[in-house]
Structure formats: structure tokens, C-alpha cells
Amino acid sequence: MTPPPELRTPEGLSLRPWRPSDAPAVLRAFTPAEMARQAGRPVTNRAEALEWIAERDAARTAGTGYAWAVVRDGAALGCVAVTAVNHVHDTGWISYWTTEAARGAGVAAAGVRALARWAFDDLGLYRLELGHRTNNPASCAVARRAGFAAEGIERGKLRYGDTRYDVERHARLAADSVNIG
């Protein structure tokens, strides 16, 4: 399945594949300690940012994951992705982040809504899941604004350093009423 080169949101944002020219935005995104911890690997210089972008491109080519830069006026403000795509069960895992400058502006929620529409309509998925630490109310608000229903708590699921975190799981189904209309 070849994804379109770009998706649009009603809010005037575009979703497009990551480009090497987006490396400065990736570096800005992973500069805060909280984001660096969640990256899973260092993204501290241009070469590492380009490697991060190349990994997203490789997953897209393999059909296992689709990461999109959320863009306004040519500037990458964040990332939305559907990964762990499973066509046996028609499921995928949603993730999202924004640069610090874009936080609180609705960028992530708008991007996730557009991504969900594409994943259901074009990719043929039925269930999209996401999770956030229970101590991250901003991420929870994004999930809810994007139409994802909370399903429960996964105790001690994530570990950053020596600390374990509970995760609240959310999901959105192709058959949910939020998708009608």
C-alpha cells in the first residue's frame, strides 16, 4: 500500500512524510529531557536526527509503520504515527509528539484525527490503540480530543531509568460513532 504524499486537516495542517530538511525540527523536539528519555535512543545531533528520519522512511517502505510530520507553513511542528501495523487483526499503534513551541495548539489532536481517518479508510485498519503515562494529562487530552476512548490502566508498563510508570490505554475503532459524518 502506497500512502498518499500528503494528508490535510480541517485546521489547516498538512501531514507528510519526514524529509531530511526536517532534521532541525527533530532535534528541537528531542532536546527536552522528557522527550529525549522517550526517544529510546539519542537524537542529539544532525546525524542522529537524519538517522531517526531514515528509520521512519524504512518502516514506511516496509509497510510496518507510517510516521508523518505535522506541518504548518512548511515547518514541521510534530509527529503522528501508526506503527506495529498488523493486517491479520487490522490493528495499529498510534503515537504523537509536538515541538515545545506547538504544544497546546491542537496540533497533535488534529494530526491524530487525520491519521486515524487515513488508517481506517485507506490502510484498512479496524482498531487503533495508544497509551500514555498516567501522569501525563496533556497526552490524555490529545487522545480524548482525537476520539480515543480510555480502556484501562496497564500497571508498571513503562520504565524510564529506575522509575516505572502506569499507562492508560485508549482505543478507537473504525465502527465508533466519532468516525461517522
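General observations
- Options A67, G104, G131, ranked by Cα towards positive dipole end of the stretch 7-179, top entry (Cβ charges): G104
- Look at [x] 47, 35, 33; [y] 42, 39, 32; [z] 52, 35, 27: the one that is Cα extents along the principal axes in Å derived from this structure is [y].
- Two tests apply to each whole DSSP H helix in the chain, Cα reach of 15 Å or more along its axis and mean Kyte-Doolittle hydropathy of at least -1.0, and the ones passing both are 46-62, 107-121.
- For the chain, a crude dipole built from +1 on the beta carbon of Lys and Arg and -1 on the beta carbon of Asp and Glu, taken about the Cα centre, is about 240 debye to the nearest 20.
- Highest-fluctuation residue, G65, G12, G161 considered, GNM on the chain with Cα pairs under 10 Å: G161
- Mean sequence separation of contacting Cα pairs (under 8 Å, at least six apart), scaled by the length of the chain, corresponds to a relative contact order of 16 percent.
- Lys, Arg +1 and Asp, Glu -1 on Cβ, resulting dipole of the stretch 1-98 about Cα centre, debye, nearest 20: 120
- Over the chain, DSSP H runs of length four or greater, each weighted -39,500 (n - 2.57), average out per residue to a 222 nm ellipticity of -9000 deg cm²/dmol.
- Relative contact order of the stretch 46-127, pairs being alpha-carbon contacts under 8 Å that are 6 or more residues apart, as %: 22
Values quoted throughout were computed directly from the atomic coordinates according to the rules given, and no laboratory measurement underlies them. No experiment lies behind these values; they were computed from the predicted model shown. All Cβ positions, even for glycine, are placed from backbone atoms using ideal geometry, and neighbour counts span all protein chains on display.
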